[in-house]
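Here the structure is laid out as structure tokens; the discussion comes afterwards.
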Amino acid sequence: MAMKIRLARGGSKKRPFYRVVAADTRMPRDGRYVEKLGTYNPLLPKDSEERVKLDMERVQYWLDQGAQPSDRVSRFLEAAGVIEKKERANLKKGEPGKKAQDRVEEKAAKAAAAAEAAAAPAEAPAEEAPAEEAAAEASAE
């Protein structure tokens, strides 16, 4: 029997509450489970101790028996220091979408145009300076 340590959803609509359970992989998500190992309440603040509660002895027992934790449960166990951190690569997920990339390019183009416009007036007074010097020389004579 292949076992998993996973979340079983409870709570009402828009108010999720999860039990951390050891269940047969063939059972439905919220269906029959072998043992309840803890709870997870995502509505509580992240720094709250009540957010994730686990019976570590039983979790360790099921891990020793070969139970595989789900991704979310493995993150809980990594935070608790029970298992080693895994290398995760969400390369596509972290990348901005096409519209966001277009906005960034458009913004960069506007910034470059503004920088050129700011540099052009700074050069223009330098060109006017020789004309002022010529006027100053003419008045000195």
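The values are calculated or read from the model by the stated rules, or taken from the named source; none is laboratory data. This structure is a prediction, so every number in the text was calculated from the model and none was measured. Accessible surface areas use protein heavy atoms only, side chains included; no ligands, DNA or RNA. Shrake-Rupley method; radii C 1.70, N 1.55, O 1.52, S 1.80 Å.
Could you run the Karplus curve 6.51 cos²θ - 1.76 cosθ + 1.60 with θ = phi - 60° over the stretch 30-47 and give me ³J(HN,Hα) per residue in whole Hz, x for Gly and Pro?
9, x, 5, 9, 7, 8, 8, 10, x, 9, 9, 10, x, 7, 7, x, 4, 8
Which lysines, on any chain, are close to Lys98 with Cα under 24 Å apart, when same-chain ones fewer than 8 places away are left out?
Output for Lys98: Lys107, Lys110.
Just the accessible area for Glu105, please: 1.4 Å probe, Å², rounded to the nearest 10?
Rounded to the nearest 10, that gives 120 Å².
Give the lysines reachable from Lys85 as a straight Cα distance under 26 Å; neighbours fewer than 8 places away on the same chain don't count.
Cα-Cα hits under 26 Å: Lys4, Lys36, Lys46, Lys53, Lys93.
For the stretch 1-78, what does the relative contact order come out to in percent, with C-alpha contacts under 8 Å and a separation of six or more?
Over the stretch 1-78, the number comes to 30 percent.
With θ taken as phi - 60° and the coefficients 6.51, -1.76 and 1.60, list the Karplus ³J(HN,Hα) couplings across the stretch 9-24 in order, rounded to whole Hz; mark glycine and proline as x.
Calculated HN-Hα couplings, in order: 6, x, x, 9, 4, 6, 10, x, 8, 10, 9, 8, 10, 9, 9, 5 Hz.
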